[in-house]
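The values are calculated or read from the model by the stated rules, or taken from the named source; none is laboratory data. Quantities reported herein were computed from a predicted structural model and do not represent experimental measurements. Note: ideal-geometry Cβ built from the backbone for every residue, glycine included; neighbour counts use all protein chains shown. Side chains included, ligands, DNA and RNA excluded: accessible areas come from the protein's heavy atoms. Shrake-Rupley method; radii C 1.70, N 1.55, O 1.52, S 1.80 Å.
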Amino acid sequence: VRWRRLLPLVALIPAGIALQVVASWTPGLVERVYSTGLYPWLSRAMTALTGWFAFSLAEMALIAIGIWVVIVSGVTVFQLVFRHRSIRNVLLNGVVKTLAAAGVIYFAALVLWGLNNHRSTFAHSSGLDVSPASVAELRAVCEALIEETNALRARVDVDENGAMRVRGSREHVLERAARGYEGLDLDYAGIDPRLAGRPKEVRGSVAMSYLGISGIYAPFTAEPNVNMEIPDTSLPSAATHEMAHQIGFAREDEANFISYLACRNHPDPDFRYSGAFLALSYALGTLAREDPEAFETLYAAVDDGVKLDWKTASEFWAGYDTPIGEMSSRVNDAYLKSQGQTAGVKSYGRMVDLLIAEHRRKESG
Ligand SMILES: [Zn+2]
């Protein structure tokens, strides 16, 4: 029978799980053999193919698969109604085919990119000191980021409401994004600027907004896909975030930190502001939770333009009524929250820990 031949593909599911478990035990090996060995070749080969297309191949493929599923479902219902096939046959085929497809997709995604989830941490490979920090240290990072963000805010364009605007068109932002990665490898080992391709615009961006997603990396086509509807403050950093995934950094918080680095390294002020805005949102959002009093003092020092940008971003996401919280909303709402202080040193989540580590590195040398 035909479905039996698909069973080896179903076996890719447990095989993939086993591969992930083994990989999670050996981050050093994954780093050497996969992330800095095989993956750069894979990524460059895929980008060489898909980079030719101005549109997102992944999005087209998703639409094609959607249409195909609708057609197959229609045909199956027809066959059932006219009794050309038994329910048992349809169910068995359906389950085995679905599992086989899931096995192929899961295993391929793992081999083409997902193993990067198990590489050494970015802190480890770049030598950043992410040991626990005091609230005073967190506060110092916030102060430095406020200074950086305020200064950059004065250099960006604004729209008729006074909110930050990117330079030129939104497509132009995607075209300029790769410049942020140029030369970044000189300071941070593991970042390969040659792997940064051009991010792709998603035509159905509105669907992503409803899901609360700013961007998505497509491992099968090595394409960084960007939601083109998001506020201007987030567009440059969303593009560099998806490119961080493309370069081989799979973990969300590390991609955020690398996105900040790439924006800061960018020649254009709108990128630098977008990155600083992202980092400040994280750091200040954390300070609001850890030390509400210090937060209030520092929040008063934030430029009114930056506050307006938080409000704009917060309103944008509120408009979609998505359950997924945005950092901007968090800072915007932080006044309303009042929680107990914590003494001593601790970890604040990987993004903020990396910001603190980076601050330490700057301070010490
Ligand atoms: Zn991401």
- Note on the structure: Row for region 1-42, column shape: gyration tensor on C-alpha, a ≥ b ≥ c, rounded if a/c < 1.5 i.e. under 1.5, prolate if a/b over b/c, else oblate; value oblate
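Just need the relative contact order of the chain here, percent rounded to a whole number, with Cα pairs under 8 Å and 6+ apart.
Working: 525 pairs, mean separation 79.4, N = 365.
22 percent.
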- Query: Does region 22-120 classify as rounded, prolate or oblate by the C-alpha gyration tensor (a ≥ b ≥ c root eigenvalues; a/c under 1.5 gives rounded; else a/b over b/c gives prolate, otherwise oblate)?
  - Reply: oblate
- Message: In whole percent, and with a 1.4 Å probe on the protein chains, what portion of the accessible area of the chain is carbon and sulfur?
- Response: 62 percent
- Task: Could you calculate the contour length gain from residue 136 to residue 69, that is, 0.36 nm times the residue separation minus the distance between their Cα atoms, to one decimal place in nm?
- Result: 18.6 nm
- Residue-normalised value, i.e. accessible area per residue, for region 246-325 at 1.4 Å probe, in Å², stands at 32 Å²
- Query: Local charge sum around residue 225 (other residues, Cβ-Cβ under 9 Å, Lys/Arg +1, Asp/Glu -1)?
  - Reply: -3
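At a Förster radius of 22 Å, what calculated FRET efficiency corresponds to the Cβ-Cβ distance of residue 95 and residue 60, to the nearest 0.05?
Details: r = 28 Å, r/R0 = 1.27.
Step by step, r from the Cβ atoms, then E = 0.20.
Which of the chymotrypsin sites (Phe, Trp or Tyr not before Pro) across region 71-154 are loop residues per DSSP, with 14 or fewer other Cβ within 10 Å? Walk me through the numbers before you get to the answer.
On the way: sites: 78, 82, 106, 107, 113, 122; in loops: 82, 113.
The qualifying sites are 82.
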- Task: Using 0.36 nm per residue of separation minus the Cα-Cα distance, give me the extension gain between residue 86 and residue 211 in nm, one decimal.
- Result: 41.2 nm
- Message: Net charge around residue 201, counting only other residues with Cβ within less than 14 Å of its Cβ (Lys, Arg = +1; Asp, Glu = -1)?
- Response: -1
- Query: Roughly what % of DSSP beta bridges within region 118-269 run antiparallel, to the nearest 5?
  - Reply: 65 percent
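Ordering 70, 10 from largest to smallest accessible area (1.4 angstrom probe), what's the sequence? Mind showing how you got there, number by number?
Working: 70 105, 10 30 Å².
Order by accessible area, largest first: 70, 10.
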- Within straight-line cross-link reach of residue 200, aspartates and glutamates at Cα separation under 18 Å, skipping those fewer than 8 residues along the same chain: 59, 171, 175, 223, 229, 232, 242
- Message: Could you report the accessible area of residue 142 in Å², rounded to 10, computed with a 1.4 Å probe on the protein chains as they sit in the structure?
- Response: 0 Å²
- Under 18 Å Cα to Cα from residue 362, which aspartates and glutamates show up? Leave out anything in the same chain fewer than 8 places away. 129, 137, 143, 147, 148, 185, 187, 353
- Cα gyration tensor category, rounded, prolate or oblate, for the chain with a/c compared to 1.5: prolate
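Work through the residues other than residue 20 whose Cβ is under 15 Å from its Cβ and net out their charges, Lys, Arg +1 and Asp, Glu -1.
+2
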- Starting from the Cα of residue 24, step 7 Å along the direction of its Cβ; do the same at residue 78; then give the gap between the two resulting points in nm. 4.5 nm
- Message: Taking just the alpha-carbon atoms of region 151-195, what radius of gyration and Dmax come out, in angstrom?
- Response: 14.4, 42
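Taking a probe of 1.4 Å, how large is the accessible area per residue of region 3-110, in Å²?
Values: 7240 Å² over 108 residues.
Computed with neighbouring chains in place, this is 67 Å² per residue.
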- Message: How much length would be gained if the chain were fully extended between residue 172 and residue 45, taking 0.36 nm per residue of separation minus their Cα-Cα distance, in nm to one decimal?
- Response: 43.2 nm
- Message: Please compute the per residue accessible area over region 127-244 with all protein chains in place, 1.4 Å probe, rounded to a whole number of Å².
- Response: 41 Å²
